[in-house]
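**Student:** One structure follows; several queries about it will come next.
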Amino acid sequence: MQLILLGPPGAGKGTQAARIGAEFKIPPISTGDMFREAIKKQTPLGEQVERYMKAGELVPDELVLGIVRERLAAPDTAQGFLLDGFPRTVPQAVALDQHLTEKGQALTAVINIEVDPEILVARLSGRRICQDCGEVYHVVTKREQKPGVCDRCQGPLIQREDDYEATVRNRLAVYARQTAPLIAYYRETGLLMTVDGAQSIDDVYQAIVTGIRQRVG
Ligand code: AP5
Ligand code: MG
(Lines give C-alpha, C1' and ligand atoms only; values in the text may rest on other atoms or scores of the structure.)
(Ligands and ions follow the chains in the order given, each with its own letter.)
Protein backbone atom coordinates (compact mmCIF):
# COMPACT_ATOMS: atom_id res chain seq x y z
CA MET A 1 0.00 0.00 0.00
CA GLN A 2 1.53 3.31 -1.11
CA LEU A 3 -0.09 6.35 0.51
CA ILE A 4 0.51 10.09 0.49
CA LEU A 5 -0.68 12.45 3.21
CA LEU A 6 -1.21 15.89 1.73
CA GLY A 7 -2.26 19.00 3.60
CA PRO A 8 -1.07 22.39 4.84
CA PRO A 9 1.32 22.84 7.77
CA GLY A 10 -0.57 21.91 10.94
CA ALA A 11 -3.24 19.87 9.17
CA GLY A 12 -2.32 16.86 11.32
CA LYS A 13 -0.19 14.88 8.86
CA GLY A 14 2.40 13.81 11.44
CA THR A 15 -0.25 13.04 14.07
CA GLN A 16 -2.17 10.79 11.67
CA ALA A 17 0.90 9.31 9.94
CA ALA A 18 2.05 7.51 13.07
CA ARG A 19 -1.37 5.88 13.61
CA ILE A 20 -2.13 5.10 9.95
CA GLY A 21 1.33 3.58 9.50
CA ALA A 22 0.78 1.31 12.52
CA GLU A 23 -2.73 0.38 11.34
CA PHE A 24 -1.62 -0.73 7.87
CA LYS A 25 1.87 -1.89 8.90
CA ILE A 26 3.73 0.45 6.58
CA PRO A 27 6.50 2.89 7.58
CA PRO A 28 5.52 6.57 7.86
CA ILE A 29 8.14 8.66 6.06
CA SER A 30 8.34 12.37 6.85
CA THR A 31 10.81 14.46 4.87
CA GLY A 32 10.47 17.21 7.50
CA ASP A 33 11.46 14.76 10.26
CA MET A 34 14.42 13.51 8.20
CA PHE A 35 15.65 17.07 7.68
CA ARG A 36 15.22 17.93 11.38
CA GLU A 37 17.22 14.82 12.25
CA ALA A 38 19.98 15.84 9.82
CA ILE A 39 20.11 19.32 11.39
CA LYS A 40 20.28 17.84 14.89
CA LYS A 41 23.16 15.58 13.86
CA GLN A 42 24.87 18.45 12.01
CA THR A 43 25.35 16.42 8.84
CA PRO A 44 26.28 18.15 5.54
CA LEU A 45 22.64 17.77 4.42
CA GLY A 46 21.50 19.33 7.72
CA GLU A 47 23.74 22.33 7.09
CA GLN A 48 22.35 22.76 3.57
CA VAL A 49 18.67 22.64 4.56
CA GLU A 50 18.69 24.54 7.84
CA ARG A 51 18.25 28.06 6.46
CA TYR A 52 15.29 27.07 4.28
CA MET A 53 13.49 25.38 7.16
CA LYS A 54 14.11 28.24 9.58
CA ALA A 55 12.57 30.65 7.08
CA GLY A 56 9.61 28.37 6.34
CA GLU A 57 10.68 28.01 2.70
CA LEU A 58 10.81 24.76 0.76
CA VAL A 59 14.09 22.90 0.53
CA PRO A 60 15.25 22.69 -3.14
CA ASP A 61 13.78 19.71 -5.02
CA GLU A 62 17.13 18.04 -5.75
CA LEU A 63 18.01 17.78 -2.05
CA VAL A 64 14.55 16.44 -1.21
CA LEU A 65 14.60 13.89 -4.04
CA GLY A 66 18.02 12.64 -2.96
CA ILE A 67 16.90 11.68 0.56
CA VAL A 68 13.56 10.31 -0.61
CA ARG A 69 15.18 8.02 -3.20
CA GLU A 70 17.54 6.74 -0.56
CA ARG A 71 14.74 6.20 1.97
CA LEU A 72 12.47 4.42 -0.53
CA ALA A 73 15.30 2.02 -1.38
CA ALA A 74 15.27 0.66 2.20
CA PRO A 75 13.85 -2.87 2.57
CA ASP A 76 11.05 -1.82 4.95
CA THR A 77 9.26 -0.11 2.03
CA ALA A 78 8.80 -3.36 0.07
CA GLN A 79 5.19 -3.68 1.31
CA GLY A 80 4.52 0.02 0.93
CA PHE A 81 4.89 3.31 2.80
CA LEU A 82 3.08 6.41 3.92
CA LEU A 83 4.59 9.69 2.77
CA ASP A 84 4.08 12.71 5.06
CA GLY A 85 5.14 16.06 3.63
CA PHE A 86 6.31 14.70 0.30
CA PRO A 87 5.70 15.45 -2.54
CA ARG A 88 5.33 19.17 -2.04
CA THR A 89 5.90 20.49 -5.57
CA VAL A 90 4.76 19.26 -8.99
CA PRO A 91 8.35 18.26 -9.99
CA GLN A 92 8.55 16.15 -6.78
CA ALA A 93 5.24 14.45 -7.69
CA VAL A 94 6.49 13.72 -11.21
CA ALA A 95 9.74 12.27 -9.83
CA LEU A 96 7.76 10.07 -7.42
CA ASP A 97 5.59 8.78 -10.27
CA GLN A 98 8.74 7.84 -12.20
CA HIS A 99 10.27 6.14 -9.18
CA LEU A 100 7.13 4.07 -8.56
CA THR A 101 6.88 3.04 -12.20
CA GLU A 102 10.51 1.85 -12.11
CA LYS A 103 9.78 -0.20 -8.99
CA GLY A 104 6.54 -1.61 -10.40
CA GLN A 105 4.55 0.05 -7.60
CA ALA A 106 1.54 2.36 -7.85
CA LEU A 107 -0.06 4.84 -5.49
CA THR A 108 -3.04 3.48 -3.56
CA ALA A 109 -4.49 6.81 -2.39
CA VAL A 110 -3.62 10.44 -1.75
CA ILE A 111 -5.24 11.69 1.45
CA ASN A 112 -5.79 15.43 1.47
CA ILE A 113 -6.40 16.77 4.99
CA GLU A 114 -8.25 20.10 4.75
CA VAL A 115 -8.21 22.67 7.56
CA ASP A 116 -9.02 26.39 7.74
CA PRO A 117 -5.84 28.59 7.89
CA GLU A 118 -6.78 30.32 11.18
CA ILE A 119 -7.08 26.96 12.93
CA LEU A 120 -3.65 26.05 11.57
CA VAL A 121 -1.96 29.06 13.15
CA ALA A 122 -3.45 28.17 16.56
CA ARG A 123 -2.41 24.54 16.20
CA LEU A 124 1.16 25.27 15.19
CA SER A 125 1.85 27.95 17.78
CA GLY A 126 0.68 25.49 20.48
CA ARG A 127 2.52 22.47 19.15
CA ARG A 128 5.30 20.84 21.14
CA ILE A 129 7.38 17.90 19.94
CA CYS A 130 9.61 15.41 21.69
CA GLN A 131 13.21 16.22 20.91
CA ASP A 132 14.15 12.54 21.07
CA CYS A 133 11.33 10.56 19.39
CA GLY A 134 9.38 13.27 17.53
CA GLU A 135 6.00 12.48 19.18
CA VAL A 136 3.63 15.41 18.63
CA TYR A 137 1.76 17.24 21.45
CA HIS A 138 -0.32 20.39 21.80
CA VAL A 139 -0.59 22.71 24.80
CA VAL A 140 -4.42 22.57 24.64
CA THR A 141 -5.58 19.60 22.57
CA LYS A 142 -2.96 16.94 23.25
CA ARG A 143 -1.19 17.47 26.55
CA GLU A 144 1.58 15.32 27.95
CA GLN A 145 1.03 13.64 31.33
CA LYS A 146 4.11 15.02 33.09
CA PRO A 147 4.80 18.66 32.10
CA GLY A 148 7.56 19.00 29.49
CA VAL A 149 8.25 15.26 29.32
CA CYS A 150 7.33 12.89 26.49
CA ASP A 151 4.79 10.20 27.53
CA ARG A 152 6.37 7.71 25.16
CA CYS A 153 10.15 8.04 25.70
CA GLN A 154 10.57 10.57 28.59
CA GLY A 155 12.47 12.92 26.23
CA PRO A 156 12.18 16.73 26.58
CA LEU A 157 9.37 18.55 24.73
CA ILE A 158 10.44 21.51 22.61
CA GLN A 159 8.88 24.02 20.23
CA ARG A 160 9.89 23.78 16.57
CA GLU A 161 11.78 26.86 15.40
CA ASP A 162 9.47 27.27 12.41
CA ASP A 163 6.37 27.34 14.65
CA TYR A 164 6.69 31.03 15.54
CA GLU A 165 3.72 32.89 14.12
CA ALA A 166 5.47 34.92 11.38
CA THR A 167 7.19 31.80 10.04
CA VAL A 168 3.94 29.83 10.24
CA ARG A 169 2.23 32.47 8.06
CA ASN A 170 5.04 32.22 5.51
CA ARG A 171 4.76 28.41 5.49
CA LEU A 172 1.03 28.73 4.79
CA ALA A 173 1.73 31.11 1.89
CA VAL A 174 4.39 28.74 0.52
CA TYR A 175 1.91 25.88 0.79
CA ALA A 176 -0.76 27.81 -1.14
CA ARG A 177 1.69 28.74 -3.88
CA GLN A 178 3.79 25.61 -4.30
CA THR A 179 1.98 22.63 -2.78
CA ALA A 180 -1.77 23.28 -3.21
CA PRO A 181 -1.45 22.70 -7.02
CA LEU A 182 -0.84 19.02 -6.15
CA ILE A 183 -4.52 18.72 -5.17
CA ALA A 184 -5.53 19.20 -8.82
CA TYR A 185 -2.62 17.00 -9.95
CA TYR A 186 -3.84 14.05 -7.89
CA ARG A 187 -7.55 14.74 -8.43
CA GLU A 188 -6.93 14.05 -12.12
CA THR A 189 -5.49 10.64 -11.31
CA GLY A 190 -8.66 9.70 -9.39
CA LEU A 191 -6.57 8.91 -6.29
CA LEU A 192 -7.50 11.95 -4.22
CA MET A 193 -9.49 11.46 -1.03
CA THR A 194 -10.37 14.59 0.96
CA VAL A 195 -10.84 14.48 4.73
CA ASP A 196 -12.11 17.24 7.03
CA GLY A 197 -9.11 17.85 9.30
CA ALA A 198 -10.99 20.19 11.66
CA GLN A 199 -12.61 17.19 13.37
CA SER A 200 -11.10 15.56 16.46
CA ILE A 201 -7.87 13.57 16.03
CA ASP A 202 -9.84 10.30 16.44
CA ASP A 203 -12.53 11.32 13.94
CA VAL A 204 -9.93 12.33 11.34
CA TYR A 205 -8.22 8.98 11.87
CA GLN A 206 -11.50 7.06 11.44
CA ALA A 207 -12.34 9.00 8.26
CA ILE A 208 -8.93 8.18 6.76
CA VAL A 209 -9.03 4.49 7.68
CA THR A 210 -12.59 4.11 6.35
CA GLY A 211 -11.63 5.87 3.10
CA ILE A 212 -8.57 3.66 2.58
CA ARG A 213 -10.52 0.46 3.34
CA GLN A 214 -13.17 1.44 0.79
CA ARG A 215 -10.46 1.86 -1.82
CA VAL A 216 -8.60 -1.34 -1.21
CA GLY A 217 -11.86 -3.32 -0.84
P1 AP5 B 1 7.20 19.41 7.74
O2 AP5 B 1 7.89 18.87 8.92
O3 AP5 B 1 6.60 18.46 6.77
O4 AP5 B 1 6.13 20.44 8.24
P5 AP5 B 1 4.73 20.92 7.64
O6 AP5 B 1 4.19 20.37 6.39
O7 AP5 B 1 4.84 22.37 7.72
O8 AP5 B 1 3.72 20.24 8.55
P9 AP5 B 1 3.72 20.21 10.08
O10 AP5 B 1 4.62 19.14 10.58
O11 AP5 B 1 3.93 21.62 10.61
O12 AP5 B 1 2.20 19.86 10.39
P13 AP5 B 1 1.47 18.46 10.40
O14 AP5 B 1 0.46 18.46 9.30
O15 AP5 B 1 2.42 17.33 10.48
O16 AP5 B 1 0.66 18.61 11.77
P17 AP5 B 1 0.86 17.87 13.19
O18 AP5 B 1 0.35 16.49 13.12
O19 AP5 B 1 2.20 18.10 13.74
O20 AP5 B 1 8.20 20.35 6.95
C21 AP5 B 1 8.99 21.31 7.61
C22 AP5 B 1 9.90 22.01 6.63
O23 AP5 B 1 10.78 21.04 6.03
C24 AP5 B 1 9.24 22.70 5.45
O25 AP5 B 1 8.82 24.01 5.78
C26 AP5 B 1 10.38 22.69 4.42
O27 AP5 B 1 11.33 23.69 4.73
C28 AP5 B 1 11.03 21.36 4.67
N29 AP5 B 1 10.47 20.26 3.84
C30 AP5 B 1 9.90 19.11 4.31
N31 AP5 B 1 9.49 18.34 3.29
C32 AP5 B 1 9.78 19.01 2.15
C33 AP5 B 1 9.58 18.74 0.77
N34 AP5 B 1 8.98 17.61 0.37
N35 AP5 B 1 10.00 19.67 -0.13
C36 AP5 B 1 10.62 20.79 0.25
N37 AP5 B 1 10.84 21.12 1.55
C38 AP5 B 1 10.42 20.24 2.49
O39 AP5 B 1 -0.23 18.70 14.03
C40 AP5 B 1 -0.03 20.09 14.32
C41 AP5 B 1 -0.57 20.41 15.75
O42 AP5 B 1 -1.99 20.28 15.75
C43 AP5 B 1 -0.06 19.43 16.82
O44 AP5 B 1 0.16 20.15 18.00
C45 AP5 B 1 -1.21 18.43 16.99
O46 AP5 B 1 -1.27 17.88 18.29
C47 AP5 B 1 -2.42 19.27 16.67
N48 AP5 B 1 -3.48 18.53 15.99
C49 AP5 B 1 -3.33 17.62 14.98
N50 AP5 B 1 -4.53 17.16 14.57
C51 AP5 B 1 -5.46 17.81 15.34
C52 AP5 B 1 -6.90 17.76 15.39
N53 AP5 B 1 -7.61 16.96 14.56
N54 AP5 B 1 -7.52 18.55 16.28
C55 AP5 B 1 -6.82 19.36 17.12
N56 AP5 B 1 -5.47 19.43 17.13
C57 AP5 B 1 -4.79 18.68 16.24
MG1 MG C 1 4.53 17.13 10.46
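The values are calculated or read from the model by the stated rules, or taken from the named source; none is laboratory data. Quick caveat: nothing in here was measured; it's all calculated off a predicted structure. Because the Cβ atoms are built from the backbone with ideal geometry, glycine has one as well, and the counts that use them run over all protein chains shown. Side chains are part of the model used for accessible areas, which takes the heavy atoms of the whole protein and leaves out ligands, DNA and RNA. Shrake-Rupley method; radii C 1.70, N 1.55, O 1.52, S 1.80 Å.
**Student:** Determine Rg/Rh for the stretch 1-45; Rg is computed over alpha-carbon atoms and Rh is the Kirkwood hydrodynamic estimate from the same atoms. Let's see the in-between values first.
**Tutor:** On the way: Rg = 12.2 Å, Rh = 11.8 Å.
Rounded to two decimals, Rg/Rh equals 1.04.
**Student:** Leaving ligands, DNA and RNA out of it, rank K142, K13, K41 by accessible area with a 1.4 Å probe, largest first.
**Tutor:** Values: K142 65, K13 25, K41 135 Å².
So the residues, ranked largest to smallest area, are K41, K142, K13.
**Student:** What shape does the stretch 141-214 take by its C-alpha gyration tensor, where a ≥ b ≥ c are the square roots of the eigenvalues and a/c under 1.5 counts as rounded, a/b above b/c as prolate, and the rest as oblate?
**Tutor:** On the way: a/c = 3.03, a/b = 1.37, b/c = 2.22.
Verdict is oblate for the stretch 141-214.
**Student:** Using the crude model of +1 on Lys and Arg Cβ and -1 on Asp and Glu Cβ, and no other charge, please compute the dipole size for the stretch 1-95 relative to its Cα centre, in debye to 20.
**Tutor:** Dipole size: approximately 180 debye.
**Student:** Need one number: % antiparallel among DSSP beta bridges in the chain, to the nearest 5. Kindly include the intermediate steps, with their values, before the conclusion.
**Tutor:** Working: 7 of 23 bridges.
Just about 30 percent of them are antiparallel.
**Student:** If you find the alpha carbon centre of the stretch 86-157 and of the stretch 1-77, how far apart are they in angstrom?
**Tutor:** Using only Cα atoms to place each centre, the spacing works out to 9 Å.
**Student:** For the stretch 79-174, what D do you get in µm² per second when you plug the Kirkwood radius from alpha-carbon pairs into Stokes-Einstein at 4 °C and 1.567 mPa s?
**Tutor:** Values: Rh = 15.9 Å.
Approximately 81 µm²/s, per Stokes-Einstein.
**Student:** Can you tell me how much longer the chain between R215 and E118 gets when fully stretched, taken as 0.36 nm per residue apart minus their C-alpha distance, in nm with one decimal? Show your work: numbers first, answer last.
**Tutor:** Working: separation 97, 0.36 × 97 = 34.92 nm, distance 3.15 nm.
Gain on stretching R215 to E118: 31.8 nm.
**Student:** How much accessible area does K54 have with a 1.4 Å probe, in Å² rounded to the nearest 10?
**Tutor:** 100 Å²
**Student:** Same structure, new question: By how many nm would the segment from T141 to E37 lengthen if fully extended, with 0.36 nm per residue of separation less the alpha-carbon distance?
**Tutor:** Working: separation 104, 0.36 × 104 = 37.44 nm, distance 2.55 nm.
The span from T141 to E37 would gain 34.9 nm if fully extended.
**Student:** Taking each pair of different alpha-carbon atoms in the stretch 173-217 once, compute 1/r for the pair, average those values, and report the inverse of that mean as the Kirkwood hydrodynamic radius in Å to one decimal. Each step should come with its number before you reach the end.
**Tutor:** Numbers: mean 1/r = 0.0831 Å⁻¹.
Kirkwood hydrodynamic radius for the stretch 173-217: 12.0 Å.
**Student:** At 1.4 Å probe size, with no ligands or nucleic acids counted, give the accessible surface of V168 in Å², nearest ten.
**Tutor:** Counting only protein heavy atoms, the figure is 0 Å².
**Student:** Here is a further query. Can you pull a Stokes-Einstein diffusion coefficient for the stretch 21-87 at 4 °C (1.567 mPa s), Rh from Kirkwood over Cα pairs, as a whole number of µm²/s? Don't skip to the end; give the middle numbers.
**Tutor:** Working: Rh = 12.6 Å.
For the chosen part, D equals 103 µm²/s.
**Student:** Further question: When the accessible area of the chain is split by element with a 1.4 Å probe, what percent falls to carbon and sulfur? Working shown, then result.
**Tutor:** On the way: 5660 of 10890 Å².
Solvent-exposed carbon and sulfur of the chain make up 52 percent of the total.
**Student:** In whole Å, what are the Cα extents of the chain along the three principal axes, biggest one first?
**Tutor:** The Cα atoms of the chain stretch 46, 40, 33 Å along their principal axes.
**Student:** Keeping all protein chains in the complex and leaving out DNA, RNA and ligands, what accessible area do you get for D203 with a 1.4 Å probe, in Å² to the nearest 10?
**Tutor:** It works out to around 80 Å².
**Student:** What 222 nm value per residue comes from the helices of the chain, counting each DSSP H run with n ≥ 4 as -39,500 (n - 2.57) and dividing by all residues, nearest 500 deg cm²/dmol? Before the final figure, lay out the partial values.
**Tutor:** Values: 9 runs with 104 residues, N = 217.
Result for the chain, helices only: -14500 deg cm²/dmol.
**Student:** Per residue, how many Å² of accessible area does the stretch 30-180 show with a 1.4 Å probe? Walk me through the numbers before you get to the answer.
**Tutor:** Working: 7950 Å² over 151 residues.
Each residue of the stretch 30-180 exposes 53 Å² on average to a 1.4 Å probe.
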